[in-house]
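Step one of this worksheet: look at the structure below.
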Amino acid sequence: QVQLVESGGGLVQAGGSLRLSCATSGIIFSTKAMGWYRQAPGKQRELVAGITSGGSTDYADSVKGRFTISRDNAKNTMYLQMNNLKPEDTAVYYCNGRYGKVPWGQGTQVAVSS
């Protein structure tokens, strides 16, 4: 059974940091390109950062230099370190495949106050 479980969200002040985790099961995680996505109220879900099975990364321009995506294949887990958070980063954050998608998890809420 495929399962994606996001955690680590919360309420922080602008300039603060959070580290999100994505625990996976039921997929061959080590071979799969993965991504972090976010959906703000009233907006479409967007890709924030991606990481290949080999560890190459790419980022949306809006988060470049502030967010860092990483993965631990031994733990089937992916991370998103978010620094210098801004109010516009407020959204529900999800993880999923970078290309081939599996059922979405429940996401984790990030709220940044000004």
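Report every pair of residues separated by at least 6 positions or lying on different chains whose Cβ atoms are under 6 Å apart, first residue within the range 64-81 and touching a residue at least 24 places away in the same chain (Cβ under 8 Å) and within 15 Å of residue 108 (Cβ to Cβ), second open to solvent by less than 60 Å² (accessible area, probe 1.4 Å) and basic (Lys, Arg).
So the pair list comes out as 78/71.
Of all residues in the range 61-102, which are at pLDDT below 95 and either basic (Lys, Arg) or open to solvent by 70 Å² or more (accessible area, probe 1.4 Å) (or both)?
Hits for the range 61-102 are 98, 99, 101.
Tell me the residue from 25, 17, 7 that is at pLDDT below 95 and on the phi < 0 side of the Ramachandran plot, please.
Of 25, 17, 7, the one residue that is at pLDDT below 95 and on the phi < 0 side of the Ramachandran plot is 25.
Please verify whether the range 53-62 includes one or more residues that are under 20 Å from residue 105 (Cα atoms) and among the acidic types (Asp, Glu).
From the range 53-62, those under 20 Å from residue 105 (Cα atoms) are none; that's our starting set.
Scanning the range 53-62 turns up no residue that is under 20 Å from residue 105 (Cα atoms) and among the acidic types (Asp, Glu).
Considering only the range 101-113, state which residues are polar (S, T, N, Q) and assigned to a strand (DSSP E or B).
Taking the range 101-113 first, the residues polar (S, T, N, Q) are 106, 108-109, 113.
Selection gives 108, 109, 113.
Out of the range 1-60, which residues are surrounded by fewer than 19 Cβ atoms within 10 Å (Cβ to Cβ), of a type in the set (S, T, N, Q) and within 15 Å of residue 94 (Cβ to Cβ)?
3, 7, 21, 39, 44
Which numbered condition trips up residue 80, out of (1) of a type in the set (A, V, I, L, M, F, W, C); (2) over 14 Å from residue 18 (Cβ atoms); (3) under 11 Å from the mean Cα position of the chain (by Cα)?
Only one criterion is unmet by residue 80, namely (2).
The values are calculated or read from the model by the stated rules, or taken from the named source; none is laboratory data. Please read these numbers as outputs of a predicted model, since none were measured by experiment. Please note: Cβ atoms are built from the backbone with ideal geometry, for glycine as well, and neighbour counts cover all protein chains shown. Quick note on the areas: whole protein, heavy atoms, side chains included, nothing else; ligands and nucleic acids left out. Shrake-Rupley method; radii C 1.70, N 1.55, O 1.52, S 1.80 Å.
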